[in-house]
Structure formats: structure tokens, C-alpha cells
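Participant: My questions will all concern the structure given below.
The values are calculated or read from the model by the stated rules, or taken from the named source; none is laboratory data. Computed from a predicted model, the values in this text were never measured in an experiment. Positions of Cβ are generated from backbone atoms using ideal geometry, with glycine treated the same way; all protein chains shown enter the neighbour counts. When the accessible area is computed, the model is the full protein with side chains, heavy atoms only, and any ligands, DNA or RNA have been set aside. Shrake-Rupley method; radii C 1.70, N 1.55, O 1.52, S 1.80 Å.
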Amino acid sequence: MSQEQTAPIVWRPDQETIENSHMGRYRRWLEAAGHGPFADYHALHRWSVEQLETFWQTVWDYTGLVCDTPADSVLGKRRMPGAEWFPGMRLNFAANLLRMADGDNADREAVVARCETRDDLRRSYRQLKADVGALEAFLAGQGIRQGDRVAGVVTNGYEALVGMLAATSMGAIWSSASPDFGVGAILDRFGQIEPAALVIVNGYGYGGKVFDRREDFAELIDGLGSLRCVVSVRQLPDVEHIAGSLVTGWEDALAEGAGKAPSYTPLPPEHPVYILYSSGTTGKPKCIVHGTAGLLVNHAKELMLHGDVGPGDRFLYFTTCGWMMWNWQASALLTGATVVTVDGSPGYPDLNSLWQTVADERVTHFGTSARFLAGCRKAGLVPRDSFDLSPMRVLFSTGSPLLPEDYDWVYTDATPDVLLGSIAGGTDICGCFVGCTPLLPVRRGEIQCRLLGVDAVAYDEDGHALEGGRGELVCRQPLPSMPVSFWDDPEGERYHAAYFETFPGVWAHGDFIRFTEHGGAVIYGRSDATLNPGGVRIGTAEIYRQVETETAVRDSLVVGRQIEGDVEVVLLVVPAEGGELGDELVKRLKTRIREGASPRHVPKHILAVPDIPYTRSGKKVELAVARLLNGSARADNRDALANPEALDAIRERLATAGLLPA
């Protein structure tokens with residue numbers, strides 16, 4: 001079926017969901033207040049972008065966010081970049097995430113932390129708040145103050161949440177990386193922001209193996225001359241803490257600050273709460289600074305309204321602390337849900353293990369990557385037959401476009417009754433432009449909708465909005481979670497160049513997208529990785545949709561080779577275990593691509609490689625291979641890759657095939 005045809009509906013919300021989901025109740029609440037009426041989700045979305053300030057104020061009010069001093073207005077300056085959200089407000093990020101820690105809900109389970117190296121840990125909201133207060137008091141005693149950076153090299157577990165909440169309670173800025181990063185990759189990030197405090201594990205477990213990182217991390221500590229204190233977490237309980245004069249053990253730090261409550265320091269709305277990072281494949285990562293009020297209200301909208309997360313729910317997003325989905329997951333605390341964290345390999349001891357955790361913990365909202373779901377499909381898993389997944393209402397997927405065949409797998413073999421919420425946005429906004437809603441059906445291979453308050457369209461190269469055509473994903477009006485700045489970019493030049501150079505005053509996100517006639521979206525890949533054979537613009541995801549449903553293919557990567565004023569499509573294939581790329585498979589792949597996409601999509605070259613390079617947040621590194629293939633002198637940052645040896649193997653294979661420039 002052509003992707004331009006109307007996609008079939010694979011799930012519909014029942015009347016109970018439409019009426020009593022958080023978004024359904026929000027719609028009725030708006031109408032009772034004199035807004036609307038709203039015939040459907042699309043009418044609600046139109047109102048949200050036409051009445052932008054009113055919409056965001058209603059989100060703040062409906063979701064019950066708290067501040068010490070109300071804002072003078074929702075939007076001061078409306079320009080992009082430079083929009084001014086909630087001027088005059090004073091608030092605290094941690095106070096909102098811990099708002100369930102007082103009153104009747106204080107003893108409700110807040111966090112369940114599971115990993116490969118330690119026993120499960122369970123903490124209530126009351127216990128979480130007490131530990132946050134204790135760690136904040138310890139940090140304050142070490143001289144950490146408002147505006148200082150508190151960095152974490154931590155696993156996705158309880159200590160990461162406590163560290164972030166303690167930092168943001170006092171007005172410090174949290175920034176984290178995963179402990180599987182190399183020392184160079186971490187220094188590329190934290191070296192730019194000069195943290196005053198560091199929370200760090202002594203190692204981690206992955207795939208049944210234990211990785212003792214004490215020596216590496218001692219080197220890291222020596223490389224961060226700005227540090228005033230280090231808190232060491234024994235993620236490996238049989239291994240001692242990291243040694244050093246600045247180091248205090250986690251338990252000792254909490255004991256020193258025991259009995260102190262979080263300060264919840266009131267701060268301006270634009271005060272930085274997080275520093276996140278671009279992938280850094282072409283040099284040092286960009287340090288993306290997110291502000292307090294904007295991030296908070298956008299996460300409240302996305303999680304509570306679009307994700308339908310609330311008190312009593314159990315939320316698990318499989319992520320690391322080096323991916324923005326960790327920050328998104330952490331904000332689920334503000335909904336009153338239990339956050340279930342999992343650290344380790346999603347495939348250990350096998351791909352069923354994560355589904356087992358979802359069943360054991362009676363998870364209502366499960367988030368993962370499109371790559372994991374594809375892996376489950378290819379492995380022939382049938383979770384619906386093996387586990388009780390009946391509590392689950394929403395299955396989130398992100399990281400890359402979800403293949404139509406994976407929609408089929410979810411609704412046939414995994415969880416037939418859930419809302420499959422494919423969501424897309426990025427680190428840049430620490431949130432989503434397009435995603436899910438409980439008010440609309442799910443269509444095969446499509447993201448359901450533009451999110452409320454997001455004025456997203458597809459632009460052609462001249463900056464004209466397209467009706468049904470493929471183009472650049474742009475956002476024409478301010479979004480609260482757009483960054484307040486890049487770190488060490490005082491004039492905003494790098495920030496402007498990253499998002500506003502292509503279309504002045506309009507955010508260009510860098511995705512190649514089509515919005516469908518019923519308001520859904522299909523993403524065809526990154527716009528900077530699109531191919532142009534014969535002058536026809538092709539998204540790489542269009543080829544992945546055909547190749548990665550072939551059982552004989554484990555993974556693939558597609559790039560364009562510039563030659564004589566045109567582009568040749570080059571497809572790199574990792575054969576399934578025990579297989580090889582023979583003439584029959586090459587012929588089958590070309591036929592699938594020709595029939596499922598178009599003749600212009602058919603690769604000129606198909607080569608077997610042992611592995612595909614990925615960033616540390618799990619994204620294919622198309623541009624690094626394209627630069628290699630086309631002789632770019634621009635060096636790639638190997639520390640940013642999870643498996644840099646894959647790039648070396650690809651270089652050798654391209655050379656053998658005679659495809660590298662002389």
C-alpha cells in the first residue's frame with residue numbers, strides 16, 4: 001500500500017475513554033468555562049493554537065501546577081527566538097514533581113527501581129521527599145548554590161531522581177549522562193558546563209555482565225576541575241565507592257542531611273532546570289538549556305492530557321539518563337503516578353524480560369523505542385499469550401519512525417486493546433510536536449496528531465505550508481519548552497543558527513514530514529539525511545519501512561552518494577544471524593523497495609556490513625556514513641557513538657567496493 005493512501009484504523013477509543021480520559025474531562029472543563037464547544041480533537045487543536053495564551057493558562061490551571069507568585073501574563077514577548085513565558089511568576093520545579101508528597105497520597109508508591117545489579121527498591125512519595133531534602137542539605141553544606149550545575153553519571157534508577165530533585169529544589173541545574181559513556185564523551189558534555197557537584201555510580205550491569213568504572217570515573221573527576229563535591233553511588237554493591245578526597249558515599253551524604261526538608265526555592269520562570277545535549281557526532285555536543293515553567297507546563301500537557309497519566313497509574317519508560325526520555329519520565333511524578341525505572345539490557349536474559357517487568361509491576365503506561373518493538377516482532381514474540389498485560393492502557397514508542405508492520409504486531413501479538421502512542425519531538429524541546437491522544441483512532445503507520453498548542457506544519461523549500469505534501473517540520477508559534485538558550489552562547493547566535501536560520505521567525509526542526517488529510521503525521525526521516533536521486537526528495541525511513549520488515553535483515557542504514565551531479569542510493573545491510581547477503585536477498589530487497597516505495601528508491605548499491613553505528617541515545621548515524629562516503633573533511637566525534645567500531649568496518653567495506661572518493 002502506498003504511504004500516500006489513507007491508512008486503515010487499527011484502534012478506536014471507546015466512549016468511556018473519550019469521555020473520562022484526562023483529555024476528555026479537560027475538554028468538558030473548557031466547555032463549562034465558556035470555551036468551545038469542541039466537536040472533536042481537531043476543533044480543540046485549532047482553538048489551542050488560535051488562542052495560544054488562553055490555552056496554556058488553562059493547561060496550567062487544569063493540571064494543578066503550583067507557583068509561589070502568579071504570572072503577570074502567559075506570554076510577554078511572542079517572538080521566536082526569545083519568547084517570554086509566564087513573566088513575573090516565581091515557582092519551583094521540584095515542588096511540582098513532589099506535590100503528592102504531602103497529604104493523603106504521601107504514602108503512595110512513588111518510585112520502583114529495578115536493575116541487574118541490585119535488589120528492587122521501592123519508595124513512597126514521603127520517603128522520596130525526605131531523601132531529596134537530605135541530599136539538598138548535604139549539597140548546600142558543600143557550598144552548592146542556586147545556579148550551580150549538579151551533574152549525574154547515573155543509571156536510570158532512584159538516585160538519579162533524588163539527585164535531580166535535590167538540585168532543582170535549591171535552584172541548581174541538573175545535567176546527566178549514562179555510565180556507559182566513555183570518559184571523553186562525558187568530558188565533552190560536562191566540561192562545557194563546569195559542574196560544582198557530581199553524583200556518580202561506581203559501575204553498572206548490562207546484559208548479565210558487570211562493568212566496574214571506578215578507575216575511569218576517577219579520571220573523570222580529575223578532569224572536572226570545577227567540582228567541589230562528589231557523591232558516589234554503589235550501583236555495584238560488591239565494589240567499593242570511587243576513591244578521592246572530594247567523594248562522599250550516597251548513604252553518608254543522606255545521613256548528613258537527614259531531617260531537612262526540601263527548600264523549594266522560588267525561581268523565575270526562565271531559570272534553567274536542565275541542560276541536555278545534542279548527539280555530538282560532528283564535534284562537541286550543543287548544551288541545550290531548558291527553563292522551569294515552560295518545561296513544566298509542556299510536560300504536564302503531554303503526560304496528563306495526551307498520555308492520560310494520572311494518580312494510581314504506573315509509568316515505565318525504558319531509557320537511560322543520557323536520553324531526554326529520562327527527563328520526560330521523571331515528570332510523570334507530577335501526575336501522581338508511580339514511576340517504574342529499569343536499568344540494564346532490554347534483551348537480557350531475552351526480549352521477554354521487559355514485558356515480564358511490565359506485567360509484574362502492572363504497568364499502565366509503557367514506553368520504549370521503535371527499535372525494541374521491531375526487535376520483538378522479528379523475534380516472533382507474542383507477549384499477549386505469555387503475560388497479563390491487561391492493566392496497560394498506553395504503549396508509547398519513539399526514537400525513530402514506527403513501521404506499519406510494528407503497528408500490526410502490537411495489535412495482533414502484543415497488547416490489542418492499548419492506545420499505541422507513537423510520539424516525536426526531540427531533545428531540543430524535551431518534548432513532542434506530534435504524538436497521541438485518547439480522543440482519536442490510531443491509523444496504521446501514522447502518528448495520531450499534532451499536539452495541543454503546537455502550530456506545526458510542513459513547509460516547502462520556499463517557506464509555504466503544504467497541504468498533504470512532504471516537507472520540513474516547522475512550528476510557527478512559540479512552544480513553552482523551546483530552549484531558553486544554549487550554554488555559553490551569550491548573543492544567541494548558535495541557538496538562532498540551529499533552528500531559525502532556514503525560515504526566519506519559524507522553528508525548523510529538521511524532520512521530513514507529511515501531515516495527512518485526517519490530521520495524522522508520517523515522518524520520513526531527518527531532513528538533513530534525505531536523498532535526492534534524480535532530483536526527487538526521499539526520506540530514509542521510506543526505505544527502512546521496506547527493508548527492515550524482511551526477516552533476513554537484522555538492521556540497515558541508507559545514505560546518498562554524490563556522483564556527477566546526481567545521487568546514488570547506497571544501502572548497508574546487517575544480515576540476520578547465520579545469514580548472508582546473497583544475490584537472492586539483494587533481488588528480493590530491490591523488489592520490495594520498488595513495489596513498496598518507488599523505482600527511484602531502489603538502491604544502486606547494496607552491501608553487507610557487520611553492524612550499524614548508533615548514537616548513545618539509540619539513533620542511526622546516517623550523516624557520519626554519508627560524510628565518509630562523500631569525502632567530507634569534517635571529522636566525526638567517535639566518543640559520541642555507542643559502537644564506533646561499526647563506522648570503521650563500514651569504511652573498510654566501502655573501500656573494498658570502490659565507493660570511497662579517491
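Participant: Alpha carbons only, please: Rg and Dmax for the stretch 296-437, in angstrom.
Facilitator: 13.9, 40
Participant: Rounded to the nearest whole Å², what accessible area per residue is found for the chain with the 1.4 Å probe?
Facilitator: Working: 24500 Å² over 662 residues.
With the other protein chains kept in place, the chain gives 37 Å² per residue.
Participant: Still on this structure: Under 12 Å from a point placed 7 Å out from the Cα of residue 656 along the Cα-to-Cβ direction: which residues of the stretch 611-630 have their backbone N that close?
Facilitator: Inside the label zone: 611.
Participant: Using Cα pairs under 8 angstrom and six or more residues apart, how large is the relative contact order of the stretch 537-662, in percent?
Facilitator: Values: 180 pairs, mean separation 28.4, N = 126.
So the answer I get is 23 percent.
Participant: Expressed as a whole number of Å, what is the distance separating the alpha-carbon centroids of the stretch 571-644 and the stretch 355-431?
Facilitator: Comparing the Cα centres of the stretch 355-431 and the stretch 571-644, I get a distance of 25 Å.
Participant: Given a Förster distance of 56 Å, report the FRET efficiency between residue 476 and residue 580 from their Cβ-Cβ distance, rounded to the nearest 0.05.
Facilitator: The formula returns an efficiency of 0.70 here.
Participant: Also, I was wondering about something else. Name the longest site-free stretch of the chain, where the excluded sites are GluC sites (Glu not before Pro) in a DSSP loop with no more than 15 other beta-carbon atoms within 10 Å. Provide the component values of the computation, followed by the final result.
Facilitator: Values: sites that count: 4, 240, 461, 467, 491, 501, 517, 564, 577, 580.
Looking at the chain, 5-239 is the longest stretch - no exposed GluC sites (Glu not before Pro) with at most 15 other Cβ atoms within 10 Å.
Participant: Could you please put 348, 459 in sequence from largest to smallest accessible area, using a 1.4 Å probe?
Facilitator: On the way: 348 100, 459 25 Å².
My answer, sorted largest first, is 348, 459.
Participant: Let me know the Kirkwood hydrodynamic radius for the stretch 388-480, please, with Cα pairs as the basis and the value in Å to one decimal. Walk me through the numbers before you get to the answer.
Facilitator: Details: mean 1/r = 0.0684 Å⁻¹.
Radius from the Kirkwood sum: 14.6 Å.
Participant: While we're looking at this one, here's another question. Rounded if a/c is under 1.5, else prolate if a/b beats b/c, else oblate: with a ≥ b ≥ c from the C-alpha gyration tensor eigenvalues square-rooted, which is the stretch 51-191? Kindly include the intermediate steps, with their values, before the conclusion.
Facilitator: Working: a/c = 1.92, a/b = 1.34, b/c = 1.43.
Here the stretch 51-191 falls in the oblate category.
Participant: So if each residue of separation counts as 0.36 nm, and I subtract the Cα-Cα distance between residue 467 and residue 491, what length gain in nm does that give?
Facilitator: On the way: separation 24, 0.36 × 24 = 8.64 nm, distance 3.62 nm.
Full-extension gain reported as 5.0 nm.
Participant: Let me ask something else. For the stretch 2-124, max minus min Cα coordinate along each principal axis, in Å, sorted largest first?
Facilitator: The Cα atoms of the stretch 2-124 stretch 49, 46, 33 Å along the principal axes, largest first.
Participant: Could you give the length gained on full extension between residue 51 and residue 121, defined as 0.36 nm per residue of separation minus the Cα-Cα distance, in nm? Kindly include the intermediate steps, with their values, before the conclusion.
Facilitator: Working: separation 70, 0.36 × 70 = 25.20 nm, distance 4.46 nm.
Gain in length upon complete extension: 20.7 nm.
Participant: Here's another thing I want to ask about it. Give me the one-decimal Kirkwood hydrodynamic radius in Å for the stretch 121-193, with the sum taken over alpha-carbon pairs.
Facilitator: On the way: mean 1/r = 0.0774 Å⁻¹.
Final number for the Kirkwood radius of the stretch 121-193 is 12.9 Å.
Participant: Can you work out the FRET efficiency for the pair residue 503 and residue 33, with r the C-beta to C-beta distance and R0 = 35 Å, to the nearest 0.05? Before the final figure, lay out the partial values.
Facilitator: Values: r = 35 Å, r/R0 = 1.00.
According to the calculation, E is roughly 0.50.
Participant: Where the accessible area of the chain is counted over protein heavy atoms with a 1.4 Å probe, how much of it, in %, is carbon and sulfur? Show your work: numbers first, answer last.
Facilitator: Numbers: 11120 of 24500 Å².
The value for the chain is 45 percent carbon and sulfur by accessible area.
Participant: With a point put 7 Å past each Cα toward its Cβ, work out how far residue 591 is from residue 222 in nm, to one decimal.
Facilitator: 6.1
Participant: Would you mind checking 209/260; 284/620; 77/619; 77/284; 77/620 for any pair whose Cα atoms are more than 26 angstrom apart?
Facilitator: Details: 209/260 38 Å; 284/620 18 Å; 77/619 35 Å; 77/284 31 Å; 77/620 38 Å.
Too far apart for the 26 Å limit: 209/260; 77/619; 77/284; 77/620.
Participant: Which order do you get for 509, 518 if you rank them by accessible area with a 1.4 Å probe, largest at the top? Could the numbers behind the result be given before it?
Facilitator: Working: 509 10, 518 45 Å².
Greatest to least solvent exposure: 518, 509.
Participant: Next up: How far is it, in nm, from the label point at residue 563 to the one at residue 353 when both lie 7 Å from their Cα along the line to the Cβ?
Facilitator: For residue 563 paired with residue 353, the spin-label model returns 4.4 nm.
Participant: Shape of the stretch 271-347 from its Cα gyration tensor (a ≥ b ≥ c, root eigenvalues): rounded if a/c is under 1.5, otherwise prolate when a/b > b/c, or oblate?
Facilitator: Working: a/c = 2.76, a/b = 1.31, b/c = 2.10.
Because a/c hits 1.5 or more and a/b fails to exceed b/c, the stretch 271-347 counts as oblate.
Participant: Relative to the compact globular guide of 2.2 N^0.38 Å, what is the alpha carbon radius of gyration of the stretch 184-329, as a ratio?
Facilitator: Details: Rg = 17.7 Å, N = 146, 2.2 N^0.38 = 14.6 Å.
Cα-based Rg divided by the globular estimate yields 1.21.
Participant: Can you give the local net charge around residue 552? Use residues other than it whose beta-carbon is closer than 13 angstrom to its beta-carbon, Lys and Arg +1, Asp and Glu -1.
Facilitator: Details: positive: 378, 554, 587, 588, 592; negative: 548, 550, 555, 577, 580, 583, 584.
Once all neighbours under 13 Å are counted, the net charge is -2.
Participant: State, as an integer percentage, the relative contact order of the stretch 452-567 based on alpha-carbon contacts under 8 Å between residues 6 or more apart.
Facilitator: Values: 172 pairs, mean separation 20.9, N = 116.
Relative contact order comes out at 18 percent.
Participant: How much FRET efficiency would the formula 1/(1 + (r/R0)^6) give for residue 15 and residue 537, where r is the Cβ-Cβ distance and R0 is 41 Å, rounded to 0.05? Walk me through the numbers before you get to the answer.
Facilitator: Details: r = 42 Å, r/R0 = 1.03.
The computed FRET efficiency comes out at 0.45.
Participant: Whole number please: convex hull volume per residue of the Cα set in the stretch 446-604, in Å³?
Facilitator: Numbers: hull volume 26.2 nm³, N = 159.
Spelled out: Cα convex hull of the stretch 446-604, divided by residues, is 165 Å³.
Participant: Which value, in Å³ per residue, describes the convex hull spanned by the Cα atoms of the chain? Could the numbers behind the result be given before it?
Facilitator: Details: hull volume 101.1 nm³, N = 662.
Enclosed volume per residue, from the Cα hull, is 153 Å³.
Participant: A further question on this structure: Pairs of alpha-carbon atoms within less than 8 angstrom and 6+ residues apart define the contacts here; what relative contact order does the stretch 1-157 have, in percent? Kindly include the intermediate steps, with their values, before the conclusion.
Facilitator: Working: 114 pairs, mean separation 16.0, N = 157.
For the stretch 1-157, the relative contact order is 10 percent.
Participant: Quick one: net charge of residue 425's neighbours, Cβ under 10 Å, K/R +1, D/E -1? Mind showing how you got there, number by number?
Facilitator: On the way: positive: none; negative: 302, 428, 511.
Summing Lys and Arg as +1 and Asp and Glu as -1 gives -3.
Participant: A further question on this structure: Which cross-chain or sequence-distant (5 or more) residues have an amide H under 5 Å from the amide H of residue 277, H modelled 1.01 Å from N in plane?
Facilitator: Counting only residues 5 or more places away or on other chains, the set is 288.
Participant: Loop only per DSSP, at most 12 neighbouring Cβ atoms within 10 Å: give me the trypsin sites (Lys or Arg not before Pro) in the stretch 560-648, ordered by residue number. All intermediate terms of the calculation are to be shown ahead of the outcome.
Facilitator: On the way: sites: 561, 587, 588, 590, 592, 594, 600, 604, 616, 619, 620, 627, 634, 638; in loops: 604, 616, 619, 634.
Those that pass, being in a loop and sparsely packed, are 634.
Participant: Can you tell me how the stretch 556-662 classifies by the Cα gyration tensor, rounded, prolate or oblate, using a/c under 1.5 as the rounded cut? Kindly include the intermediate steps, with their values, before the conclusion.
Facilitator: Numbers: a/c = 1.72, a/b = 1.27, b/c = 1.36.
Note, shape of the stretch 556-662 comes out oblate.
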